[in-house]
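Enquirer: Pasting in a structure now, in C-alpha cells, and then I'll have a few things to ask.
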Amino acid sequence: MRTCLTAKVEMIVLDLRCDSLQDPHQSVNRTVTRQQIAAVLLLATSTMLAACADPADSLPEPTSQPPKLSATAPISEKQSAGAALMFTEIAVWGEDPAGDVSFASPNGIAIDDDDNVYTIEFQGNRVQKFSPQGELLTQWGSAGSANAQFLNPTGIAIDSEGNVYVSESGNHRVQKFTAKGEWLATFGARGANPGEFLSAMVIAIDAVGNIYVTDWGNGRVQVFDPNGTFLATLIESGSAEGMLTTPTGIKLDDEGNLWVVDRGNNRVQKFTAQGELLAVYGSAGDDEGQFLVPTSINFDAAGNFFVSEVSNSRVQAFSPEGEFLGEVAAGLLQGPHGLAFDSTGALYITDTGNGLVRKFEPLAP
C-alpha cells in the first residue's frame, strides 16, 4: 500500500518475506538509465585502467542534483505475515539551503565510539564531523593533492583509538588523521604494484587495527598495518566467484569475516580475513535480492546486512544467511552510498543524489 505522510516523522516498514537471493547467473531486461550505462562502461574499462586515463575520471559522479524528496514525500510500505521490522526517519541533515549544514555528493560515513558522525563528500572534498544531534563540530579538507587535501574521497573509517582514515579515488591514496582533523600520515600512490591503487575506494579496520582497502581499478583488496605499511593483497580481479571487478564497499563482521561489495559483478561476496571465499549473494537486476551498482555494506547489531545501490536507488536488508528482509525507505533515496549504525541501532544513510544525510531509528516489532 502507499501512504502519503504529512508529518516530519515517517514509518518505513521492511518486508519480512524470507525470499532467497536470486540465482547469480540470472539476467534481466530493464530500462537503461544513465547510471547503469556508467556501470557498464566502468566494467568494460576496468581491465584497461593501468594503461589508460585516471580511473577517477570514470567514477560515477552526480553532475546535477535531482529534485530533492522532502521528508513528507509519499513512502511505499510493504508488510507480509509476521512481525514487521520498522524504521522511523528522525532527522534529515542538509535539507535547509540556508542552514549551516550542506553536502556536495555525500559519500562515505562513519561513527565513532561517542556516536559522533563523520561524513565525506565526493565533490565537496572535505570531512565533516557532527554530534548525534546533527550539530557541526568540525570540518577539514579542500580540493587538492597535498597532505590534508582530498580529490574525490570515497571511504572513511575510524579505528579503536579514534583515528580517522580517508580513502581517495582521485589521489589513489589513504590519509590518516586525528579525530580533530590533524594530519598524521599518507600512504599509497597511483599504480598496480603492492601498496598502490587505481582509485582507493572504501576502508575497513579489523580488531587489531589492520586496514583493508578496496582497490577499484585493480580489482583487489589490499591490507596495511595501522601505520600504512603494506601487508598483503587479497583476492584477484575477474568475474568468477571469488574474484572482484571494481570493488567498493567493504566491512568486517563480528567473526572477522570480510564482506566485499563486488560492484562490477553486481553482487556481495563473503570471505575469510585471508581471502578465502565463503559465500556469494546477488545477481544483476532490480528484483528483491538483486543489485544494480551496489556500493556499500554494513551490519546491524543482530548481524543483518544492509546494501546500498546507486542505480536502483535503494537500500536492501538481508539476514545473516542472505535471506531478503526488505527495503529501507522505499522511494525516498536517490543514488545512496554510505551506511552506518550507531550504538543505539540508528541507521545513517548518505542520500548522495539528494545531497542529504538521513537518520533512521529502529522500532520494536
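Enquirer: Would you say Thr233 is within 19 Å of Ile203 (Cα to Cα), among the polar types (S, T, N, Q) and either at pLDDT below 95 or open to solvent by 20 Å² or more (accessible area, probe 1.4 Å) (or both)?
Expert: So Thr233 fits the description; yes.
Enquirer: Within region 250-272, can you find the residues that are open to solvent by less than 10 Å² (accessible area, probe 1.4 Å) and either touching a Leu at 6+ places or on another chain (Cβ under 8 Å) or over 17 Å from His337 (Cα atoms) (or both)?
Expert: Within region 250-272, Ile250, Leu258, Trp259, Val260, Asp262, Gln269, Phe271 qualify.
Enquirer: Same structure again: Filter region 162-186 down to the residues that are hydrophobic (A, V, I, L, M, F, W, C) and open to solvent by less than 20 Å² (accessible area, probe 1.4 Å), then identify the one that is farthest from Tyr118 (Cα to Cα). Spell out how you get there, then give the answer.
Expert: Kept after step one, since they are hydrophobic (A, V, I, L, M, F, W, C), are these residues of region 162-186: 164, 166, 174, 177, 179, 183-185.
Among the residues that remain, those that are also open to solvent by less than 20 Å² (accessible area, probe 1.4 Å) are: 164, 166, 174, 177.
Values: Val164: 9, Val166: 10, Val174: 16, Phe177: 12 Å.
Here the answer is Val174.
Enquirer: Which residues, counting only those in region 130-161, are assigned to a strand (DSSP E or B), open to solvent by less than 30 Å² (accessible area, probe 1.4 Å) and of a type outside the set (A, V, I, L, M, F, W, C)?
Expert: Applying the first criterion (assigned to a strand (DSSP E or B)) to region 130-161 yields 130, 136-140, 143, 150, 153-158.
Add one more test, that the residue is open to solvent by less than 30 Å² (accessible area, probe 1.4 Å), and what stays is 130, 140, 150, 153-157.
Selection gives Pro153, Thr154, Gly155.
Enquirer: Hey, any hits in region 198-206 for a residue that's at pLDDT 95 or above, open to solvent by 40 Å² or more (accessible area, probe 1.4 Å) and part of a loop (DSSP other than H, G, I, E, B)?
Expert: For region 198-206, residues at pLDDT 95 or above, open to solvent by 40 Å² or more (accessible area, probe 1.4 Å) and part of a loop (DSSP other than H, G, I, E, B): absent.
Enquirer: If a residue must be in contact with a Gly (Cβ under 8 Å, 6 or more places away or on another chain) and either over 15 Å from Lys176 (Cβ atoms) or of a type in the set (A, V, I, L, M) (or both), how many such residues does region 210-231 contain?
Expert: Qualifying residue count, region 210-231: 6.
Enquirer: I've got another one for you. List, please: which pairs have Cβ atoms under 9 Å, are six or more places apart or on different chains, and start with a residue in region 344-365 that is over 17 Å from Ser296 (Cα atoms) and of a type in the set (Asp, Glu) and end with one that is open to solvent by less than 10 Å² (accessible area, probe 1.4 Å) and not in a strand (DSSP E or B)?
Expert: Glu361/Ala346
Enquirer: With the condition being surrounded by 21 or more Cβ atoms within 10 Å (Cβ to Cβ), I'd like the strands (runs of 3 or more DSSP E) fully within region 304-365 carrying at least 3 qualifying residues. Please lay out each step first, then the result.
Expert: Values: elements: 305-309, 314-318, 324-328, 339-341, 347-351, 356-363.
Qualifying strands (runs of 3 or more DSSP E): 305-309, 314-318, 324-328, 347-351, 356-363.
Enquirer: When region 274-291 is examined, which residues are found to be in contact (Cβ under 8 Å) with a residue 12 or more places away in the chain and assigned to a loop (DSSP other than H, G, I, E, B)?
Expert: Gln274, Gly275, Gly282, Ser283, Gly285, Asp286, Asp287, Glu288, Gly289, Gln290
Enquirer: A further question follows. Quick one: which residue in Ser296, Ser311 is in contact (Cβ under 8 Å) with a residue 40 or more places away in the chain, touching a helix residue (DSSP H, G or I) at 6+ places or on another chain (Cβ under 6 Å), under 23 Å from Asn107 (Cα atoms) and among the polar types (S, T, N, Q)?
Expert: Ser311
Enquirer: Which of the residues spanning region 320-331 are at negative phi and within 17 Å of the chain's Cα centre (by Cα)?
Expert: Glu327, Val328
Enquirer: Select from region 94-113 the residues that are under 16 Å from Lys359 (Cβ atoms) and open to solvent by 20 Å² or more (accessible area, probe 1.4 Å) and write down the one among them that is nearest to the chain's Cα centre (by Cα).
Expert: Looking at the filtered set, the residue picked out is Ile111.
Enquirer: Considering Asp225, Asp215, which residue is open to solvent by 10 Å² or more (accessible area, probe 1.4 Å) and of a type in the set (D, E, K, R)?
Expert: Asp225
The values are calculated or read from the model by the stated rules, or taken from the named source; none is laboratory data. Note that this is a predicted model, so its numbers are computed, not measured. All Cβ positions, even for glycine, are placed from backbone atoms using ideal geometry, and neighbour counts span all protein chains on display. Heavy atoms of the whole protein, side chains included, go into the accessibility calculation; ligands, DNA and RNA do not. Shrake-Rupley method; radii C 1.70, N 1.55, O 1.52, S 1.80 Å.
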